[in-house]
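Working notes, structure below.
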Amino acid sequence: MRLAGFAQCRLLVQLTLLCGSALVSASPATSQHSAALSGIVTDSSDAPLFGAVVEVAGTSLRARTDVGGEFRIAGIAPGTEDIHVRRLGFAPVTRRARINPNGDHGSVQIVLALLPTAVKTIVVQASRVQFSGRLAGYYERLRRRSGGVFIAREEIDRRTSRSLSQLLAATPGINAHRLRAGGGAVRMRGRACRPLVWIDGVPMPAGEVDLDAFPVNTLHGIELYLGSTTAPFDYTGPQGMPGSNCGTILLWSRGRDTESAPRTASRLLDVEQMAATRSVFTADQVDTQAELSSPVPLEVIYPASLFAAGVEGIVMAEFIVEVTGRIDENSFAIVSASHPLFAEAVSRAIESAIYSPAIKEGVAVRQVVHQRFEFSASSKPANVSTLPGR
């Protein structure tokens, strides 16, 4: 099962008026003016929902959200409309939206709540992760948070700084320094000398380094050591170069080992249609729900980079459990996920999962299951099943 690209989304639905003939074909009522409804549907944890159906009441206009929770419906007549949003496993909602004919933007937030019939949440509890590869040392230091200042991937993306020197200057004790030839550098704690700069464990030349030559969006992590004795021993200054008296900057780039696999919205079975025709049953239609078989271990690996950074999150998976207890791979989908690496971890682990099948009137039946995974790098929450994370 492959996973698709995961977008960072605003939790807002925008109703944007579009004028022109390009949208006329969507509805006969749009011969002169039409509007487009576009936006995002999320769950109660603010994670985008895949596969939600968004409908304009009283019309045939509808759309289904993609893996980023996004949708777009063209050909809506300006005015006040009721918007129905539904998804299997979630409580449907209706929102009234005003679409103005003068092109003003309206907005409505659409959040769907998970129905209480979902199976018990599985917590992936990681107390320790074995780091390996080129970033092992960085992850170990990031997890300990000792001796330096760390800027992890999530913070780099959140700050959206235009340049690396600007990003670093937001740290107390660091000042941006413009170079005569263009570009940027920094000085630490009021010193006039240049800090040592390393990229992926390789020292940069002894001269001034133009930090702005490194695009911010290519960096996976940054370590800053402002003192002369706080930098890791291996990065205190190679032979023939000055020591770390002026501070040390360790830059770690993004690469194939830091990116999640692509996530796809396609699957071979229409689970919603199957539930509607009773070829599979939902949790409220069976006497005993399908549940993860406790004797069979399910190993979900906590992503190393997220564990090191202390990032926690959730994943909601949807699939059909056969009467044998096996999962129908063609029915599997990630409904929502707070981070693509969490989604990838669940997708890989669930392939080997064994469930106790659902029972209806004394007979094992196929059931569509909504399984929630919670990734926790701290203490164990109450009333949940816990799996060890590596």
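The values are calculated or read from the model by the stated rules, or taken from the named source; none is laboratory data. None of the values given here were measured: they were computed from a predicted structure. Cβ placement follows ideal geometry from the backbone for every residue including glycine, while neighbour counts extend to all protein chains displayed. Accessible surface areas use protein heavy atoms only, side chains included; no ligands, DNA or RNA. Shrake-Rupley method; radii C 1.70, N 1.55, O 1.52, S 1.80 Å.
Let a ≥ b ≥ c be the square roots of the eigenvalues of the Cα gyration tensor of the stretch 289-339; is it rounded (a/c under 1.5), or, if not, prolate (a/b larger than b/c) or oblate? Verdict is prolate for the stretch 289-339. Accessible surface ranking for Cys246, Cys193, 1.4 angstrom probe, highest first: Cys193, Cys246. Using heavy atoms of the protein chains and a probe of 1.4 Å, the accessible area assigned to Thr248 is about 0 Å². Counted residue by residue at 0.36 nm each, then reduced by the alpha carbon distance between them, the extension gain from Ser45 to Thr230 reaches 62.7 nm. Heavy-atom accessible area, probed at 1.4 angstrom with all protein chains present, ranks Glu223, Glu344, Glu374 as Glu374, Glu344, Glu223, highest first. Between Arg348 and Arg72, the modelled label-to-label distance comes to 3.4 nm, taking each label 7 Å out from Cα in the direction of the beta carbon.
With each label modelled as a point 7 angstrom along the Cα→C-beta vector, the Ala213-Glu299 pair spans 4.4 nm.
Counting heavy atoms of the protein chains alone, Asp66 has an accessible area of about 60 Å² for a 1.4 Å probe.
Counted residue by residue at 0.36 nm each, then reduced by the alpha carbon distance between them, the extension gain from Gln273 to Asp257 reaches 1.9 nm.
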